[in-house]
Structure formats: C-alpha cells, structure tokens
Amino acid sequence: MNDYDDTRPGRARVGDSPELAAYYEELAKHEAGALWTVANEIEPWYPQPRSVPVLWRYADLAPLVRKALPLVRADDAGRRVVMLVNPGRRELSAAVGLLYTGLQIMGPGEAMTAHRHQAAALRFVHEGTGAWTIVDGQKLKVGPRDFAITPNNTWHEHGNEASDEPVIWQDGLDIPLVNALDAGFYEVHPELYQQPGTVVNSSLLSYAGTLLPYGVETWSRPYSPLLGWPWEPSYEALRRLARAGEGSPYDGVIMEYANPVTGGSVMPTMSAHLQLLRPGQATLAHRHTGSVVYTAAKGRGVSVIAGQRFEWQQGDVFVVPSWAWHEHANSDPGEDACLFSFNDFPVMRSLGMYREEAHPDNAGHQPVLS
Ligand code: 1HN
C-alpha cells in the first residue's frame, strides 16, 4: 500500500464544482479560505521537507571563498562569507531546514567589528591558525577543526592575527529559525569593538576539565559557559570512547559537545556532535526529525541520504533534511574518519517533536537510487 494515500477516509477529499469554486473566490475576498483545500498539504502524514540532500566539496568552494578576499572588504560586507544554499530553501538562505551555514574568510591581520543578534552561532575552523573571537568580552583563540560557540545575544567580533595566511571557518546559525519565529534582533556594538579581558581562553581554563569550578560562581544562563572545544582533546575523547565500546549502529562512535554544567546541548537551539567511523565501518540507516549539517573533519567516506550517494573527504559539507534516511561509511580501510555536525535537535526535543526510527527492511540499509 502507498503510505502517502490521501484518498483514505479521515483525509480531506472534496472534489471540484462550479459552486465550490465560486465559494472559494468569495472566501478569498474576505482574506479567508476553506481548510479542506489545503489540509492534506499543511498536515502531511509525515515530514515533507523542501530541503534536499546536498554536498558541497571544499575543493570547489575554498578557491571561491579565497576569491572574495580581495573583492570585498570584510568591514563593508559585515562578514565576508560564502553561504551554502539549499536549492529548496533559497528564499530562507538556509542550508537545510531552518539552519544556515557558510564559509567565512578572514585575511591576515584582519579584525571585524562587534555586534550581537538573536540568532545563535557556532564555528568550525577549516584552515588557518590565527583565528580569534571575542564573545562577551572573552577572547578565545581557535585553530583548525576547533569548535566554538557564540550564544544568542552575546557580543562577538572576530579576527585573524596570523601575518601570512587567511583563516577559513564555517559558521552555523539558526537565523532561518529565528526568522520563521519573527524574533530577529540585531545590534552593532556601541563602541564598535569590545575591550577583552586579559585572560585568553578563560572558559577553557575554567570548564574544559572533568571537574567544575565550585562555590565561586553560579552559572545560570541557558548556554554553555565553555565556549570552545579544541580538536585534539575532542578527537581523543572519541578515541577513548571507541575503546570503551561499540558505539551506535547508526552513527558509529558519537559524542555531543556538551554544556559542562547541565550535560545538555551547548545552546538552546543548536547542538553539535563529533563522530568517529572505524576503518571500513558502515552504519545502518535511520531517520529522525531535525535537520543536520555535517562537515567531514577527518578522512573520507560515503553517506547515503534519501537514497542518494555522496562521497566526502575532509572539509566537505553535506546536509541531511528532517526525516530523510541516512547512513554513513568510512571508505578508508586503514584510517578512522570523523564527522563534525550541528543540528536543531534541542528545538525538536524541547518542543516534544523529536522522533527517530531505524530502517525496517533490507537488513537496515536503504535502497540506493543514485
Ligand atoms: C554573523 O554574525 C557572523 O559574526 C557570520 O561572524 C555569519 C550570518 C548571518 C548573520 C550573522 C559572524 C553570519 C552572521
């Protein structure tokens, strides 16, 4: 049986007639309409994302991102970013679902002005060693494959203190979500630049261990007090977990970047993961509500998303729309592969909309259509 059958009892199935057509026109004149003409579309049996699976190759994009460096001044552009646009979400500037992502380039010695906005942001560094960011007065330095957050409404500005090489990092924001909720605000810092405290990476000094500061400070904001996660200890955490057990049949060895105070997601709207696929490992297919932006952090592999096969290697970005079947494989027989990803699961979970299921047939794999 077709599992998308709108002719069944319980679904809207009203035919056409001249009387009905006239009636619809009369309603439209009053900014009104008959629900049954759209009911099946606005209440689908299961999610019908407009977003499609897409893979952006870093080898294609990085030269184009570098091209922007002499073309626009970062200050004139606000931020010098090439955004990744899903063909089904162009009007929202979304990469998938209600998530935005883009590749930002900062030239040697460049520094940008400070602003804050209702949208939350995160960064994953692709290349360059000189990147810094100041988040609410706290200076944080980030290098390749480090992950950092800019929680919503925190003042932030960035720059590149290297003298010889650009930085390219990937921004992830929940802008399309904020706009869908008509909740966007944006402010330029009154002084244009923040005055950073003298201690660099103070959130890491305080919160990056397995113990927490006690008695001196109580953290009550809705985001992680730890603002950065360097690559090496994150990768090491994955390798340790891989020694402790098998991991997930759908994701391999997977961990969540966590708010150390709550154990929950780093921000209220977006969560981030790092996962490791053992040499040659292939996962089983599953699907869930919520959209995911993946970045290959290490190695190479293949993901099948909604029946489409995508080959990736370090630096490539690809997206999995909500409720799309997906499975990943490490195609290197000798090296592990790692995927960084961010998602809107905290939104799904906090609103009671998270659902997940395993692929029921075909030994847990989806048919590959292309
Ligand atoms: C933003 O604030 C940054 O601070 C990057 O680097 C990308 C895209 C849309 C809106 C704000 C940044 C952004 C952004």
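The values are calculated or read from the model by the stated rules, or taken from the named source; none is laboratory data. Model, not experiment: these values are computed from the prediction. Here the Cβ is made from the backbone with ideal geometry for all residues, glycine too, and neighbour counts use every protein chain on show. We work out accessible area using only protein heavy atoms, side chains counted, and drop any ligands, DNA or RNA first. Shrake-Rupley method; radii C 1.70, N 1.55, O 1.52, S 1.80 Å.
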Given (1) more than 10 Å from the ligand (Cβ to nearest atom); (2) outside any loop (DSSP other than H, G, I, E, B); (3) open to solvent by 10 Å² or more (accessible area, probe 1.4 Å), index of the condition Gly159 fails: (3)
Pairs, please: C-beta under 7 Å, at least 6 apart or cross-chain, first residue without any contact (Cβ under 8 Å) to a residue 40 or more places away in the chain and in region 78-90, second of a type in the set (Val, Ile, Thr) and within 15 Å of the ligand (Cβ to nearest atom)? Arg80/Val72; Arg80/Ile105; Val82/Val65
Please state which of the following conditions Thr154 fails to meet, knowing it meets all the rest: (1) in a loop (DSSP other than H, G, I, E, B); (2) within 12 Å of the ligand (Cβ to nearest atom); (3) in contact with a helix residue (DSSP H, G or I) (Cβ under 7 Å, 6 or more places away or on another chain). (3)
For region 349-366, give me the residue count where each residue is at pLDDT 95 or above and under 22 Å from Pro53 (Cα atoms). 11
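For (1) assigned to a loop (DSSP other than H, G, I, E, B); (2) open to solvent by less than 30 Å² (accessible area, probe 1.4 Å); (3) touching a Ser or Thr at 6+ places or on another chain (Cβ under 7 Å), each residue gets a yes or a no:
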position	(1), (2), (3)
Pro279	yes, no, no
Leu284	yes, no, no
Ala296	no, yes, no
Val302	no, yes, yes
Phe310	no, yes, yes
Does Pro9 count as out of contact with any Leu (no Cβ under 7 Å at 6 or more places or on another chain) and either at positive phi or open to solvent by less than 50 Å² (accessible area, probe 1.4 Å) (or both)? no
Quick one: would you say His328 is open to solvent by less than 10 Å² (accessible area, probe 1.4 Å) and either in a strand (DSSP E or B) or of a type outside the set (Phe, Trp, Tyr) (or both)? yes
State whether the residues of region 198-220 include one that is within 19 Å of His115 (Cβ to Cβ) and either without any contact (Cβ under 8 Å) to a residue 60 or more places away in the chain or of a type outside the set (Gly, Ala, Ser) (or both). no
Strands (runs of 3 or more DSSP E) completely within region 40-127 that count 1 or more residues being open to solvent by 50 Å² or more (accessible area, probe 1.4 Å), within 11 Å of the ligand (Cβ to nearest atom) and over 19 Å from Glu161 (Cα atoms): 81-83, 115-117
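From the list Gly264, Gly352, which one is surrounded by fewer than 22 Cβ atoms within 10 Å (Cβ to Cβ) and out of contact with any helix residue (DSSP H, G or I) (no Cβ under 8 Å at 6 or more places or on another chain)? Working first, answer last.
Values: Gly264 fails: out of contact with any helix residue (DSSP H, G or I) (no Cβ under 8 Å at 6 or more places or on another chain).
Checking each option against the conditions leaves just Gly352.
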